[in-house]
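This report refers to the structure that appears directly beneath it.
Values quoted throughout were computed directly from the atomic coordinates according to the rules given, and no laboratory measurement underlies them. Fair warning: this is a prediction, and the values are worked out from it, not measured in the lab. Please note: Cβ atoms are built from the backbone with ideal geometry, for glycine as well, and neighbour counts cover all protein chains shown.
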Amino acid sequence: MRPCLLSIEGLDAWYADRQVLFGADVALPERGCCVILGPSGTGKSTLLRSIRVLGQAAAGVLQVDEGDWRAACTGATRHAPLRCAAVLQKPARPAGTVLQFFCEGRAEDAATVLQQLRSLFAELDCREWLPALFDECAALAQADWICFNLLKVAALQPNLVLLDEPTAGLDEAAARRVLALVRALALRASLLMITHHLGEARVVADQVILMGNGRVIEAGPAARFFAAPQSEQARYFLAHGTLPEQSAEPAQEPAQTSDRIAMAMAALQAGRRPGHGRGHALQPNRFRWVVPDQLAGVAMPGLLADVQQDLQGLQGSGITTLLNLTETPFDAALAAQYGIECCFTPMPDMAAPSLEQAVDICALLDRKLAAGACVAVHCKAGQGRTGTVLGMYLMWRSKGQWSGEQALRAMRRIDTGWIQSEAQRIFLAQFQRFLLESVTFS
């Protein structure tokens, strides 16, 4: 057992009045990679944020409040002074060369930094990247840019590194390059990494934390977790990639929410569009209400206008949650500045979800709506995947009584571009059969 760097007990977290973490216990070793697994919307990113903030708080501080978000724990023990660094999803690329990127915030001159990097790259066995230090950041492949962000973190010599899905949107070969560097860094520091990819977790993880519904379901050595999981939920997750907590029984939700959904579905069945919801002058491109003031579809913020303007428009329209379907996740930290939580459940362009992913998404939407969230679903253009997921969710709410063709017609009454590919149409037909044959509704 490796010595412990940081342990936090009884961690709770809230967005406004909505609790999203419940009594989580986390212990991070001085070295090695701890991977956080779990379905979308179960608190993985919130756990990462909470550990970052509470871990760096002054000794004795057990609660923090950042306005829209707050966290508290019953105990926090730092076994060494914490030097924390993070690599976010899709890190921004500054103007200039990679070497200039490494020099940012450093007192040393470029020649000194370059000499330090030669030593670091030699230690990490990646000397082949030295020539790329003189390339423009904007010209790098995404995997290379992620790797240079990891190397910049390594140069700071932190003892805790937080990674939020560093391989998101990368192909298998590119992901392998990133994971090799993650493994090398895990020999130098404690890494805490979120991933949705079980295969990648098997490659890099020394420890695993499995999250479900804001709770730690199981935590322990990766070898034990993958070979002999201790809980039924963990065994189910390894077999299906989701958790049995995804129940077909809708969550208890406010009567107003249930009524809004029922009225929207009745209007669509009668050949009408749902009523108008809350509007805003900066409402972004392709914003469409499916259930007024409760559930909407939209293009990716920033696609055709300034991203902050789009987020301001979403905030003004009452949106509190973004469900991101693109393969590269939206900037959750940026969205949080506008009081918007991000959930990430990726699928390829023009594709449909798997049946397991579909149940995961429907259960997530049930939970969010029951908790009073106002949700906007988006892919890139806000058409194919967005319309498919929204139509699928109304089929779920109909308990399988809506056919795939009914869902298609209903979505295209709202936006003629929703649901685009033959694969998406076929999926909706399959989803009705799945609901009728494999799901027991209360």
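What is the dipole size for the chain, taken about its Cα centre, with +1 at each Lys and Arg Cβ and -1 at each Asp and Glu Cβ, in debye to the nearest 20?
It works out to roughly 540 debye.
For the range 62-116, which trypsin sites (Lys or Arg not before Pro) pass both filters: DSSP loop (anything but H, G, I, E, B) and at most 14 other C-beta atoms within 10 Å?
Passing sites in the range 62-116 are R83, R106.
Against the longest alpha carbon principal axis of the chain, how many degrees, from 0 to 90 and to the nearest 10, is the axis of helix 384-397 turned?
The two axes meet at around 60 degrees.
Given G212, Q89, A358, which one lies farthest toward the positive end of the charge dipole of the chain, if we put +1 on the Cβ of every Lys and Arg and -1 on the Cβ of every Asp and Glu?
Of the candidates, A358 comes out farthest on the positive side.
Kindly provide the helix-only [θ] at 222 nm of the chain, computed as the sum of -39,500 (n - 2.57) over DSSP H runs of four or more divided by all residues, to the nearest 500 deg cm²/dmol?
My calculation for the chain gives -12000 deg cm²/dmol from helical runs alone.
If you rank E200, E104, E253 by fewest surrounding Cβ atoms within 10 Å, what's the result?
Fewest to most other Cβ atoms nearby, the residues stand as E104, E253, E200.
Calculate the spin-label point distance for E356 paired with A95, positioning each point 7 Å from the Cα along the beta-carbon direction, and give it in nanometres.
Roughly 4.7 nm, to one decimal.
Put a dot 7 Å past each Cα toward the Cβ at Q401 and Q337; how far apart are the dots in nm?
Each label point is offset 7 Å from its Cα along the Cβ direction, giving 4.6 nm.
HN-Hα J couplings of the range 176-183 from phi, Karplus 6.51/-1.76/1.60, θ = phi - 60°, integer Hz, Gly and Pro as x?
Working through the residues one at a time gives 4, 5, 5, 5, 4, 6, 4, 4 Hz.
What residues qualify as long-range amide H neighbours of V377, i.e. H under 5 Å apart, gap of 5 or more or another chain, H built at 1.01 Å from N?
The list, which skips near neighbours in sequence, is A296, G297, V298, L323.
Under a 5 Å amide H to amide H cut-off, with H placed in plane at 1.01 Å, what residues pair with F344 once short-range neighbours are removed?
G41, N324
Would you work out the charge dipole size for the range 149-306 about its Cα centre, treating the Cβ of every Lys and Arg as +1 and the Cβ of every Asp and Glu as -1, and quote it to the nearest 20 debye?
Magnitude of the dipole: close to 340 debye.
Averaging sequence separations of C-alpha pairs under 8 Å and six or more residues apart, then dividing by the length of the chain, give the relative contact order as a whole percent.
14
If I take every Cα pair under 8 Å that is 6 or more residues apart in the range 111-237, average their sequence separation and divide by the length, what percent do I get for the relative contact order?
So the answer I get is 17 percent.
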